[in-house]
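Right, one structure below, let's go through it.
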Amino acid sequence: MNKILSIFDRYPDLVIGFSTKSDGNMRLKPSDSIKIDIQAKKNRRIFLDSLGINEKSVVDPILEHGTNILIVNDIDGGKTFKNVDALITARPGIFLNLTVADCLSIFLYDHDKKVIALVHAGWRGLQDKIIENVLAKLKEFYNSDPSSIIVGIGPHIGGCHYEIQDDVSEKFREYPGAFINKEGHKFFDIGIVAETQLTNLGFRSENIEVNSECTFELTDKYFSFRRDKPRIIETMLAVFGMK
Ligand SMILES: [Zn+2]
């Protein structure tokens, strides 16, 4: 069991999962290879089993680095949805999935309204305000207040290894604390950007936990797209649900 966040410990009804490299690739249809897809499905089944989750109760988005948000219900269990980067549910027994291999997985739990969200964000999603959009949906449909929402961010590429060029840094000028300059190279901390956006939106800093593990650095533990530059992308699986 790979425990990534302790901020949700006081809520025993939550189920949080984050696979490691040893659980195998979790990305479905990574190529035209049926063999790889069958293996990924098998890896998922074993991992979900270990969390006590039936695969007919999970919802899978096909990520696009966009800002589309889907509210899922009981009837959506076992389904896959195209062009979605954030999932919301108020249904216990429905488990939200997403795959990551450097990007942020953001887990949100409104303990007052009993609603959860799972969000995928790289720099594009952060730039396009996916967190703000998710909060707007939570407010609109559940009357959520950010001060009642607990947020955890899963393992991702850290500011220690995420080298960027000026095209990206120029888009994040209002986050000077997210950049580290080392020997003429510029590194970027997307976790700091997410945390800054969250606090600016009214989330309480004591309700936010950012896992500090760097996917690029932990070669044996995590897949990293930027480190491995694989022809066929391999990913971890993030899972979030209420029992
Ligand atoms: Zn690192």
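Quick notes on this structure:
- Full-stretch length increase - ASP9, LEU201 - with 0.36 nm per residue and alpha-carbon distance subtracted: 66.7 nm
- Contact order for region 14-242, expressed relative to its length and based on alpha carbon pairs under 8 Å spaced 6+ residues apart, stands at 26 percent.
- Antiparallel %, DSSP beta bridges [both residues in region 14-242], to 5: 70 percent
- Size of region 154-222: Rg and Dmax of its alpha carbons, in Å, are 12.9, 37.
- The residues of region 1-124 expose, per residue, 46 Å² of accessible area to a 1.4 Å probe.
- Sites ILE232 and LYS42 - FRET efficiency at Förster radius 22 Å, r taken between beta-carbons, to 0.05: 0.85
- A helix-only calculation puts the chain at -6500 deg cm²/dmol for mean residue ellipticity at 222 nm, using -39500 (n - 2.57) for each DSSP H run of at least four residues, averaged over all residues.
- Built amide H within the under 5 Å cut-off of LEU70, gap 5+: ALA86, LEU87, ILE88
- For ILE75, neighbours were defined as the other residues whose beta-carbon sits under 14 Å from its Cβ, and their charges (Lys and Arg +1, Asp and Glu -1) total +1.
- Region 14-242 - percent of accessible surface contributed by carbon and sulfur, probe 1.4 Å: 47 percent
- Cα-based Kirkwood hydrodynamic radius, the chain, one decimal, Å: 18.0 Å
- Region 110-243: proportion of alpha-carbon pairs further apart than 25 angstrom, %: 31 percent
- Cubic angstrom per residue, convex hull over Cα atoms of region 191-243: 139 Å³
- Accessible area in square angstrom per residue, region 137-243, 1.4 angstrom probe: 50 Å²
- Look at where the Cα atoms of region 188-234 and of region 84-124 average out, and the two centres are 14 Å apart.
- Residue-wise HN-Hα couplings along region 168-178, as the Karplus relation 6.51 cos²θ - 1.76 cosθ + 1.60 with θ = phi - 60° gives them from phi, are 7, 4, 5, 7, 10, 4, 7, 10, x, x, 8 Hz; Gly and Pro carry x.
The values are calculated or read from the model by the stated rules, or taken from the named source; none is laboratory data. A quick note: this is a predicted structure, and the numbers were derived from the prediction, not measured. Please note: Cβ atoms are built from the backbone with ideal geometry, for glycine as well, and neighbour counts cover all protein chains shown. The accessibility values were calculated without ligands, DNA or RNA, using every heavy atom of the protein model including side chains. Shrake-Rupley method; radii C 1.70, N 1.55, O 1.52, S 1.80 Å.
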